[in-house]
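Report on the following structure.
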Amino acid sequence: MRLPLPAALRKPGKPGANGRNQGPAPADLREEPAPPPSTSERVLEGTKEGAIDVAGWVDQRTGASGFLTGMLYRKVPKGTNWYYTLGSATLFAFLFQAITGVFLAMFYTPSPTQAYGSIVHINNDVFLGEFVHGMHKWGASVMIIVIFLHMGRVFFFGAYKYPRELNWVIGVVLLILTMVMGLTGYLLPFDQRSFWATVVASNITGTGPVLGPYLADFLRAGPDIGATTLARFYSIHMLLIPGLMFALIGAHLYLVVKLGTTAPPWLKAEPPKAALPVERVSAGANGGDGASPPG
Ligand code: HEM
């Protein structure tokens with residue numbers, strides 16, 4: 001089936017099979033003329049053309065198709081395997097958390113007296129509330145697991161080496177931000193468990209050298225956990241860190257596309273096609289006569 005995409009976005013066809021007229025078909029193979037399209041077919045066709053016009057209009061003004069074609073049809077190294085999908089799995093988990101989080105924020109109240117009640121309300125009364133809340137809660141653990149697996153893949157494949165060091169550093173910051181998301185999200189239900197877990201976490205933070213006590217005070221918004229702590233955790237959890245993560249993931253993916261991915265370490269690089277045969281090189285191809293050893 002041909003997708004309704006502007007020409008620039010379509011995958012280029014194979015040579016000779018790009019839809020050009022290849023000459024008239026023999027008389028016995030010619031098809032009967034097609035019946036006139038029904039109303040629903042015409043509406044469908046009109047809708048498709050409308051969508052193509054809109055996409056073409058946007059494309060002319062943004063040049064997005066060149067970027068998308070380059071990104072979607074870029075070459076990947078031989079040996080690329082399932083381990084390379086872990087980065088995209090992390091991206092999917094992040095986007096999933098963002099979407100479910102937006103729906104939860106529509107019903108959640110970040111106040112010490114109402115937070116727990118609003119979570120009970122989401123779970124018991126809101127349509128699909130318990131489902132979305134559960135997805136967000138379990139999705140947080142899934143994201144931590146896949147981000148570590150992705151980091152492991154990058155490490156064991158040596159993909160952090162030149163010229164990808166900066167992408168590794170961006171990744172480390174993303175890992176820290178993901179864990180801060182977990183910490184700040186844990187307090188939000190404001191039940192006994194989340195309250196005391198945050199007391200423990202902020203006490204541990206306070207034992208850090210030099211900056212520890214200041215950081216703990218900043219997180220708690222004072223010496224104790226209270227209403228301001230909850231407001232602070234909420235704004236860090238749903239505004240500050242997601243904003244930073246969107247920007248950093250953008251930079252991370254830009255570098256992935258620009259530098260390409262690394263081949264698995266067990267694959268040996270093939271010699272360039274035009275390279276001299278090994279015997280000629282060892283026989284002194286660079287100026288030697290082949291009879292005496294190169295000196
Ligand atoms: C929100 C978190 C993250 C997202 C959405 C993400 C996404 C991706 C994607 C889609 C790729 C390309 C496909 C692949 O190799 O799997 C990639 C590659 C890469 N990622 Fe991440 N990543 C994240 C976190 C990390 C972390 C924690 C590290 C390491 C500390 C890291 C380091 C790298 C490096 C070095 C590459 C290039 C790999 C190569 O060239 O083969 N990323 N990332």
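Descriptive notes on the structure:
- The mean sequence separation of alpha-carbon pairs under 8 Å and at least six residues apart, normalised by the residue count of region 127-219, gives a relative contact order of 14 percent.
- Backbone N within region 62-96 under 19 Å of label point (7 Å from PHE156 Cα along the Cβ vector): 79-90
- One quarter of the surface of the convex hull around the alpha-carbon atoms of region 94-154 equals 4.6 nm², the direction-averaged projected area.
- FRET efficiency for the pair TRP168 and ARG42, taken as 1/(1 + (r/R0)^6) with r the Cβ-Cβ distance and R0 = 35 Å, rounds to 0.05.
- Label-to-label distance, ARG30 versus LEU68, with points set 7 angstrom from Cα along the beta-carbon direction: 3.9 nm.
- Given in Å, the Rg to one decimal and the Dmax to the nearest whole number for the Cα atoms of region 48-99 are 15.8, 41.
- Percent of Cα-Cα distances greater than 17 Å, calculated over region 37-155: 74
- Derived scalar couplings ³J(HN,Hα) [region 232-240; Karplus, 6.51 cos²θ - 1.76 cosθ + 1.60; whole Hz; x for Gly, Pro]: 5, 4, 5, 5, 5, 5, 10, 10, 4
- Taking a Cβ cut-off of under 14 Å around GLY117, the surrounding Lys, Arg, Asp and Glu residues balance to a net charge of -2, with basic ones at +1 and acidic ones at -1.
- Remark: the ALA251-THR109 segment gains 47.8 nm on full extension, using 0.36 nm per residue and subtracting the alpha carbon distance.
- Our Cα-only numbers for region 136-258 put the radius of gyration and Dmax at 16.4, 48 Å.
- FRET efficiency estimate (nearest 0.05) - Cβ-Cβ, LYS137 to ALA231, R0 22 angstrom: 0.55
- A Förster distance of 45 Å, applied to the separation of the beta-carbon atoms of ASP191 and VAL54, puts the FRET efficiency at 0.40.
- 3J(HN,Hα) along region 77-88, derived from phi through the Karplus expression 6.51 cos²θ - 1.76 cosθ + 1.60 where θ = phi - 60°, amounts to x, 4, x, 4, 9, 4, 4, 6, 8, 5, x, 5 Hz, with x in place of Gly and Pro.
- Peptide packing: for 233-239, 134-140, the average count of neighbouring Cβ atoms within 10 Å per residue gives the ranking 233-239, 134-140, highest mean first.
- Derived scalar couplings ³J(HN,Hα) [region 104-117; Karplus, 6.51 cos²θ - 1.76 cosθ + 1.60; whole Hz; x for Gly, Pro]: 5, 5, 5, 10, 8, 10, x, 10, x, 7, 10, 4, 4, x
Every number in this text was worked out from the coordinates using simple rules, so none of it is lab data. Because the structure is a prediction, the values reported are computed rather than measured. A quick note on method: Cβ atoms are made from the backbone with ideal geometry, for glycine too, and the neighbour counts reach across all protein chains shown.
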